[in-house]
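K.L.:
Dumping the structure here so I can ask a few things about it.
The values are calculated or read from the model by the stated rules, or taken from the named source; none is laboratory data. Everything numeric in this text was worked out from a predicted model, so none of it was measured. Neighbour counts run over all protein chains shown; Cβ positions are idealised from the backbone, glycine included. With ligands, DNA and RNA removed, areas are computed over all heavy atoms of the protein, side chains included. Shrake-Rupley method; radii C 1.70, N 1.55, O 1.52, S 1.80 Å.
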Amino acid sequence: MKSPLLSLPGAVPAEGVDESVAAHYGDLFREQRALADGTGFVDLSHRGVVAVTGADRLSWLHLLLTQHVSDLPAGLATEALILSAHGHIEHALYLVDDGTTVWIHVEPGTQEALIAYLESMKFFYRVEVADRSDEFAVVFLPAGSIAEVPEGVVVRETPYGRDLFLPRAELESFAAKAGPAAGILAYEALRVEHHQPRLGFETDHRTIPHELGWIGTAVHLQKGCYRGQETVARVQNLGKPPRRLVFLHLDGSEVHLPAAGTELRVADEGPDGRKIGFITTAVRHHELGPIALALVKRNVPVDARLLADATAAAQEVVVEP
């Protein structure tokens, strides 16, 4: 479902899973600076929207998610994961309850698999699960924004900004008032700056929450059982994750950013040294220059200089080794 905002002046479509929205509107750094200053908005209308209603919605979700949501106050934003039986991350959910409905947004194209799993777990609980992606579009307003939110729109507020569950029919009229529009590349640059992992970017089929710093933010360690909980508890109490997320400052003299999946090596071992990790997301930031998130082996020294192919990289710790 292509966003109607791709018709705005200067809009350039994004690629990959974000292809239905704009990568930018002609000036990537201006758009980043606007978001950092608390102005503008980001069209995230390609994200899946799922609504859960019914008297048992919170207690039921509490049994399935990694987050403690049984008594989630109305209006309080949270995030949660759904894990496999072996503790690997399958879904990342960003949710808020409005008093009658839990509103969730997820990565583009993942809502069908999520709903199929939720439907399979309903049993006798008084809940209804619905895909509302055709009716509602997610729009992001940065922290500090004074843009007027239309009456009745559900808002998920975080320290980084507000996610609006906007009726899709109002997307164009909202954009006309809330501008300037910023593309997904500006949003991604700020996400990387804030060390925030993204499903399908920082994750693969074997990622566990500890590797990405999702313990505490999306995983509650004192709640009851859920699928994959044994792995979470075992790693938390008895071991360490095999990999860890790092933030990288990349050599700014390179013309091209290293692609996702680019292998990382310890610089002192040279370009033919052993592989110790890989780039997950690389972006150009309006102040920091080229930066990236990456997964490296846990035992890589935190002060080791790295190479992404021929690009030098200095690491900052996100997840402690």
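K.L.:
At a 10 angstrom cut-off on C-beta neighbours, averaged per residue, how do the peptides 213-224, 182-193, 104-115 rank from highest to lowest?
P.N.:
Working: 213-224: 16.3, 182-193: 23.5, 104-115: 19.3.
Descending packing order for the listed peptides: 182-193, 104-115, 213-224.
K.L.:
Okay, moving on. Taking just the C-alpha trace of the chain, give me its Rg and Dmax in Å.
P.N.:
Final numbers for Rg and Dmax: 20.0, 60 Å.
K.L.:
How far apart, in nm, are two points set 7 Å out from the Cα along the Cα-to-Cβ line at R274 and at Q236?
P.N.:
Here the modelled spin labels are 3.1 nm apart.
K.L.:
Based on the Cβ-Cβ distance from A169 to D309, what FRET efficiency comes out when R0 is 35 Å, to the nearest 0.05?
P.N.:
Working: r = 46 Å, r/R0 = 1.32.
That pair, A169 with D309, gives E of 0.15.
K.L.:
Something else: From Cα coordinates alone, what are the radius of gyration and Dmax values for the range 188-321 in angstrom?
P.N.:
Considering the range 188-321 through its Cα atoms, Rg and Dmax are 15.3, 50 Å.
K.L.:
Given the range 1-124, report the % of alpha carbon pairs whose separation exceeds 23 Å.
P.N.:
Values: 3370 of 7626 pairs.
For the range 1-124, the fraction of Cα-Cα distances above 23 Å is 44 percent.
K.L.:
Quickly estimate the mean residue ellipticity at 222 nm for the chain, helices only: each DSSP H run with n ≥ 4 gives -39500 (n - 2.57), and the total goes over all residues, rounded to 500.
P.N.:
Calculated at 222 nm, the ellipticity per residue is -5000 deg cm²/dmol.
K.L.:
Take the Cα gyration tensor of the range 110-259, multiply each eigenvalue by 5, square-root it, and list the three semi-axes largest first, rounded to whole angstrom.
P.N.:
On the way: eigenvalues 186, 145, 41 Å².
Those come to 31, 27, 14 Å.
K.L.:
Oh, and also: Rolling a 1.4 angstrom probe over the protein heavy atoms, how many square angstrom per residue are accessible across the range 1-155?
P.N.:
Working: 6610 Å² over 155 residues.
I get 43 Å² per residue for the range 1-155.
K.L.:
Using alpha-carbon positions, what is the distance between the centroids of the range 1-58 and the range 264-321, in Å?
P.N.:
Rounded to whole Å, the Cα centres lie 28 Å apart.
K.L.:
Using Cα-Cα distances under 8 Å and only pairs 6 or more residues apart, what relative contact order does the range 104-194 have, in percent? Mind dumping the intermediate values first?
P.N.:
Details: 67 pairs, mean separation 20.3, N = 91.
Normalised by residue count, the contact order of the range 104-194 is 22 percent.
K.L.:
Can you grab the distance from the C-alpha centre of the range 117-194 to the C-alpha centre of the range 67-84, Å, no decimals?
P.N.:
17
K.L.:
Let me ask something additional. For D204, what residues show an amide H to amide H distance below 5 Å, using hydrogens built from the backbone and excluding near sequence neighbours?
P.N.:
Sorted by chain and number, the residues that satisfy this come to none at all.
K.L.:
How much length is gained on full extension from Q222 to T158, taking 0.36 nm per residue of separation minus their Cα-Cα distance? It would help to have the intermediate numbers written out before the result.
P.N.:
Details: separation 64, 0.36 × 64 = 23.04 nm, distance 2.24 nm.
Full-extension gain reported as 20.8 nm.
K.L.:
On the protein heavy atoms, probe 1.4 angstrom, tell me the percent of accessible surface of the chain carried by carbon and sulfur. If you can, show how the numbers build up before the last one.
P.N.:
On the way: 7520 of 14390 Å².
Answer for the chain is 52 percent, counting heavy atoms of protein chains only.
K.L.:
Principal axis extents for the range 127-209, Cα atoms only, whole Å, descending order, please.
P.N.:
The principal-axis extents, from largest down, are 41, 36, 20 Å.
K.L.:
Roughly how big is the range 8-127's charge dipole about its Cα centre, with Cβ charges of +1 (Lys, Arg) and -1 (Asp, Glu), in debye to the nearest 20?
P.N.:
Values: 6 positive and 16 negative charges, 59 e Å.
That gives a dipole near 280 debye.
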